[in-house]
Amino acid sequence: MARIMQAQAFGANNNMMGGAMKILEINPRHPFIVKLLEGAPPLDEDEAADFKPDAATVDAAWMIHDMALLNGGFDISDPKAYSARMTRVLKSSLNVDSLSLEDEIDPPVEEDEPPEIDMDGNQGINLQDLDDFNMEDLDDF
């Protein structure tokens, strides 16, 4: 949506459109927000001074922000950071320790010619059978 508005603004040589206002509405009762609040700094200023949120909480907050941008039709502000966050989430959810590639596989060598099919006992189509074929017989079906 932002790209369409921007293209329309530049097409009309009207730079007043600059960019659409982005509004992030937060529902404090949503389970994601409730869970994020558990990782937020305490209300006591003395305890909050030494508080450091864990990386998973920060990643979750940014992912909610990025989902809101994408759902609103806006571009993600930092695609590289988004990719890094998503990589961390996938590594965690799939229990992947390292992103190093596995050893090369050695696939079996296939033959150039397909194996011969044994038609003994099978009643296949014989081209000679088509000499007596009548297309009008198909109307009976």
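The values are calculated or read from the model by the stated rules, or taken from the named source; none is laboratory data. Here the structure is a predicted model, which means the values were calculated and not measured. Quick reminder, even Gly has a Cβ in these numbers, built from the backbone with ideal geometry, and neighbours come from all protein chains shown. We work out accessible area using only protein heavy atoms, side chains counted, and drop any ligands, DNA or RNA first. Shrake-Rupley method; radii C 1.70, N 1.55, O 1.52, S 1.80 Å.
Restricting attention to helices (runs of 4 or more DSSP H) lying wholly within region 22-83, give those where 3 or more residues are aliphatic (A, V, I, L, M). Give the steps one after another, and end with the answer.
On the way: elements: 31-38, 45-49, 55-71.
Qualifying helices (runs of 4 or more DSSP H): 31-38, 55-71.
If Leu90 meets every condition in (1) closer than 30 Å to Ile4 by Cα; (2) part of a helix (DSSP H, G or I) apart from one, which number is that one?
(1)
Would you confirm whether any residue within region 108-122 is open to solvent by less than 100 Å² (accessible area, probe 1.4 Å) and modelled with pLDDT of 75 or more?
Checking region 108-122: not a single residue is open to solvent by less than 100 Å² (accessible area, probe 1.4 Å) and modelled with pLDDT of 75 or more.
Among the residues of region 17-64, write down those that are in contact (Cβ under 8 Å) with a residue 24 or more places away in the chain and open to solvent by 100 Å² or more (accessible area, probe 1.4 Å).
Selection gives Lys22, Phe32, Lys35.
Identify all residues within region 66-107 that are open to solvent by 60 Å² or more (accessible area, probe 1.4 Å) and in contact with a Leu (Cβ under 8 Å, 6 or more places away or on another chain); write none if there are none.
Residues satisfying the conditions are Asp75, Ser77, Lys91.
Among the listed residues Asp46, Asp66, identify the single one that is within 18 Å of Ser92 (Cβ to Cβ) and not polar (S, T, N, Q). Let's see the steps before the verdict.
Numbers: Asp46 fails: within 18 Å of Ser92 (Cβ to Cβ).
Only one candidate passes the filter, namely Asp66.
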